[in-house]
Structure formats: structure tokens, C-alpha cells
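Working notes for the structure below.
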Amino acid sequence: MAIDKSIPKATAKRLSIYYRIFKRFNTDNIEKASSKQIADAMGIDSATVRRDFSYFGELGRRGFGYDVKKLMNFFADILNDHSTTNVMLVGCGNIGRALLHYRFHDRNKMQIAMAFDRDDNELVGTKTEDDIPIYGISTLEEHLNQTHIETAILTVPSAQAQEVAEALTAAGIKGILSFSPVHLTVPKDVIVQYVDLTSELQTLLYFMNQK
């Protein structure tokens, strides 16, 4: 199920959180949830929940609450979480190694299937404890041609980020989650999401100082 492009980016960013909340409600054997219960679980207001849900049509009836299992499956469809999604990682430095050991599939049906780094990195040719192979970056296109992977996590130094992004898109990657704090120029059919830990921490400190 595709997400309507008219949906605000802020709403789209909350979709995975809604999904996580409904999965938790389901585990706790909660069958119906009000917009207030959902809002309280997320730390937002009820009006925001109702406005977000309005973009998807009739998800519930006022006064009756939302069917937890139905909504859990609805968001699973939107986020394509009914089948396992394989992603690849490029850059096995500190952040990259941490992500290689993060068990994505324990919470969602996604997993890092392979990783890449400089050809002279001592990790190339080895596998992680979870059996994820690490290859040299020169073999990127060769290995991608043998898979259906379209998503990459990029954790390389800023100076190499654009060059690697170009290699990824040339090899068929359509989505990049970048931890490199530089803007990437990619083809129009490629989506890039940025994770800037320094910026997030500075924002946190700003709000702390305002209190």
C-alpha cells in the first residue's frame, strides 16, 4: 500500500510509531483504543492523532475507538512489514558496527543482509556474529546484481558520502538512510533520509536551556 504523497511529512514520520504503539496494545490484549490512549502513548495530543488518521479515510468511529488488530495490520501494510525487507550497510566504522549488531528484525521485519567497506579494511571477507557478510566496496555492483536490495544505510565519512551515494544509485539503490551530515545529490527517483546525531543533540540541549 503506497502512502499518499499529499500526506504531510510530519504525519509520515509518525507512521512507524503508530505501528509500534498498536503492536504493543495488541501484545497487551487491548482490543479497542481511543485517540486519547494513542496520543498519551506517543506523547502528542488527541487532535493530532485524529488529523493524522483522517488522511487514510475511515479508520474508526467516533465514540467507539480504534480496532487495535485492524490498525496494526493497516500500518503493517503501509510500512510493508508483512514480509522481510533486506537492506545493506556501507561503512563499518563505529556507527556502522553498532548498526550491524542492532537486531532490527526483533522489532520489525527488516534486516541488514550485507555490509561494505574499503577493500583494505581488515573486516572485509569476514562475517558478523549474526552471519552478515562484509564485502569490499569495489564489489558493490556485483553483489547488488545478485539481490533485490534497494535500500542502503550510509555511515561513511562526509568526504566520501557523495561518491558512495553515486555508486549506490548507479547500482540500483532507491533509498538511502544517511548518517553523514552532508546533503547528497541523487537522482529524482531516489529517496534520502538523514540522521544527524549532532543536530539532534544540539536541539535537545537548546530545549533544555529554554526551561
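So the values come out like this:
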| item | result |
| --- | --- |
| Residues Lys9, Lys36, sorted so that the one with the fewest Cβ neighbours within 10 Å comes first | Lys9, Lys36 |
| Charged-residue dipole, Cβ positions (Lys, Arg, Asp, Glu), region 29-86 about Cα centre, Debye nearest 20 | 240 debye |
| Under 14 Å from Lys23, Cα to Cα: aspartates and glutamates that are on another chain or at least 8 residues apart | Glu31, Asp67, Asp77, Asp81, Asp106 |
| Extension gain, His101 back to Ile44 (0.36 nm per residue minus Cα-Cα distance, nm) | 17.4 nm |
| Partner lysines for Lys174 [C-alpha distance under 18 Å; skip if fewer than 8 residues away on the same chain] | Lys5, Lys188 |
| Net charge contributed by nearby residues that have their C-beta within less than 13 Å of Leu154 (K/R +1, D/E -1) | -4 |
| Dipole axis of the chain (+1 Lys, Arg; -1 Asp, Glu on Cβ), positive-most option in Ile17, Met42, Asn121 | Met42 |
| Region 1-100, relative contact order in percent, only Cα pairs under 8 angstrom and at least six apart counted | 34 percent |
| In Hz, Karplus ³J(HN,Hα) per residue of region 8-17 (6.51, -1.76, 1.60; θ = phi - 60°; x = Gly, Pro) | x, 4, 4, 5, 4, 5, 8, 4, 5, 6 |
| Taking Ser178, Ser35 and counting other C-beta atoms within 10 Å, the order from fewest to most | Ser35, Ser178 |
| Average Cα contact separation per residue, the chain, under 8 Å, 6 or more apart, as relative contact order % | 13 percent |
| Computed over region 9-78, Cα set: Rg, Dmax in Å | 10.8, 31 |
| Protection proxy ranking of 167-176, 23-32 - average other beta-carbon atoms within 10 Å, highest first | 167-176, 23-32 |
| The chain - Rg over Rh from alpha carbon coordinates, Kirkwood radius | 1.02 |
| Between region 7-38 and region 84-157, the alpha-carbon center distance in angstrom | 30 Å |
| Within the chain, helix-based [θ] at 222 nm, where runs of 4 or more DSSP H residues each add -39,500 (n - 2.57), nearest 500 | -12500 deg cm²/dmol |
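Coordinate-derived values only; no laboratory data. Because the structure is predicted, anything quoted here is derived from the model rather than measured. No Cβ is skipped: glycine too gets one built from the backbone with ideal geometry, and neighbour counts run over all protein chains shown.
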